[in-house]
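Derivation of every value follows stated rules applied to the coordinates shown; laboratory data play no part. Model, not experiment: these values are computed from the prediction. Glycine also receives a Cβ, built like all others from the backbone with ideal geometry; neighbour counts cover every protein chain displayed.
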């Protein structure tokens, strides 16, 4: 068939681009306009081969082969197919597994089936040499593209370069049409864009029992350090640093064993309360804390209970085609669906009075939904703390916007006042 196919090793393309533009191969150091990059690859491939494009195959690694937000954007683009290998961590470094094997299999299969007359390979790995030779034996012309090396030398296997029919170097000018280096501000990555919604949630005061537990742990650490014997060289061992704020697990464990630190142990305003985390150990109420789901929120339905089979299918289609996977956006999408399917507005009023805390069942469902978008990547199967705040802030922002729209610009509504007015909850 007189068509061309492009096989892209994303790890090589973006890693080499980062080295060229930012001085190191970390992909976190660059921003990529994937639509412009794909369009550039297509136009250049058709110009070089004088053949219409059949398809661009994008090979990349992902933790547990879960598509990341960039993969979700790429796989819905015309003439783009995403193939994912595994991304594993070894000796503190991330490495792709299975990407080269997948490229080799795709290359040989396309050549054997005569699906194309020309193949463009954007890679530098010599492991693809047998596949390249096999494709040539089936009458396919192989074009090997390289990214301009930062040091002016080769960043490809010399055997691969020698065996290719045609070779091209993607220079800095071509790369910068779609890839830019991130500007540094004294650290290895630019600071995140400030979100007042997250700042408002983070500024919620801690409950008295949480501060008291933190103080008790600090005192235990001091007493333990005082009892420690000197080391052989006569120096005192350094005390182990402790967290200033106990985790939900710590608080739940204290209560489970009957330990109730006195609020007077740490001076704190008597009205302080934290109604943020869905973890039971953090649920505090003025006038006495309670464990478990409170009666006023137990009746709130989950999104799964409100969603029909047809809606579930439509939601999945929307997730695949339009939701990019930004944590803040994920929270907004979830909240929009939940509100649109509520049978009565009373549920929304109940939820709004709990700001900034999301009831346990709904919050757990929200985080499970967020996990579909690869937000667990590189984080030991736990969503990063900042991402969790962003997800929940997006949830509250969407609820606030919707309720404000229903009641008009001057109408009163039970939305989260702290988000709208920017004040501390």
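Of the strands (runs of 3 or more DSSP E) that lie entirely inside the range 21-94, those containing 3 or more residues that are more than 17 Å from the chain's Cα centre (by Cα), in contact (Cβ under 8 Å) with a residue 40 or more places away in the chain and crowded, with 19+ Cβ neighbours inside 10 Å span 53-62. For the range 157-185, a residue qualifies if it is under 18 Å from residue 26 (Cα atoms) and either in contact (Cβ under 8 Å) with a residue 40 or more places away in the chain or surrounded by 13 or more Cβ atoms within 10 Å (Cβ to Cβ) (or both), and the qualifying residues are 172, 175, 176, 178, 179, 180, 181, 182. Exactly one residue out of 95, 45, 18 is in contact with a strand residue (DSSP E or B) (Cβ under 8 Å, 6 or more places away or on another chain) and within 21 Å of residue 142 (Cα to Cα), and it is 45. Whether a residue is closer than 18 Å to residue 179 by Cα and touching a strand residue (DSSP E or B) at 6+ places or on another chain (Cβ under 6 Å) was assessed, and residue 71 passes this test. Considering the conditions (1) farther than 22 Å from residue 41 by Cα; (2) more than 20 Å from the chain's Cα centre (by Cα), residue 105 is excluded by exactly one of them, (1).
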